[in-house]
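Working notes, beginning with the structure itself.
The values are calculated or read from the model by the stated rules, or taken from the named source; none is laboratory data. Note that the coordinates shown come from a computational prediction; the quantities given were computed from them, not determined experimentally. A quick note on method: Cβ atoms are made from the backbone with ideal geometry, for glycine too, and the neighbour counts reach across all protein chains shown.
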Amino acid sequence: MSLSETRNGPTRHPAPSARLDARQFSAAWGMLKLGPMLRSLAPGELLEFLGSDPKLVQDLPRVLRHHGGRVERVEQDSGSFRFLIKRVSVEGPDRPPAAEGDDNSNQGG
């Protein structure tokens, strides 16, 4: 089965809005760069993330929860991984939106 096919045939995704190629770097470096890049996307946009560290398959979904992202697709070929990551929210699931009038900048000291 090729990278662009699933069990039910080819799967179509919109073209990614951004791409991060971290194949020559450690998983930690790639995930460090991933956060700011993902946060720069609008909800619904896709980021193509390329990496070579097998730990990414396990660690990336956990990291993405903190940045409002979700893995839509994972492909593997010759030791490289291609992740299509969707920006799902501005706040991220672990950061609920601030309530109106909830401004902590006026706390005195």
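From the list 108, 68, the lone residue that is surrounded by 14 or more Cβ atoms within 10 Å (Cβ to Cβ) and either more than 21 Å from residue 21 (Cα to Cα) or at pLDDT 90 or above (or both) is 68.
When the test is whether a residue is modelled with pLDDT of 90 or more, within 12 Å of residue 83 (Cβ to Cβ), surrounded by 15 or more Cβ atoms within 10 Å (Cβ to Cβ) and touching a helix residue (DSSP H, G or I) at 6+ places or on another chain (Cβ under 8 Å), residue 30 does not pass it. Against the conditions (1) more than 13 Å from the chain's Cα centre (by Cα); (2) farther than 18 Å from residue 80 by Cα, residue 25 satisfies every one except (2).
Out of all the residues in segment 47-62, which are buried (at least 20 other Cβ atoms within 10 Å of the Cβ) and hydrophobic (A, V, I, L, M, F, W, C)? If the condition is that a residue be buried (at least 20 other Cβ atoms within 10 Å of the Cβ) and hydrophobic (A, V, I, L, M, F, W, C), then 47, 49, 56, 60 are the ones that fit.
Residues checked against (1) surrounded by 16 or more Cβ atoms within 10 Å (Cβ to Cβ); (2) at pLDDT below 90:
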site: 8; (1), (2): no, yes
site: 13; (1), (2): no, yes
site: 17; (1), (2): no, no
site: 20; (1), (2): yes, no
site: 26; (1), (2): no, yes
site: 36; (1), (2): no, no
site: 80; (1), (2): no, no
site: 83; (1), (2): yes, no
site: 89; (1), (2): no, yes
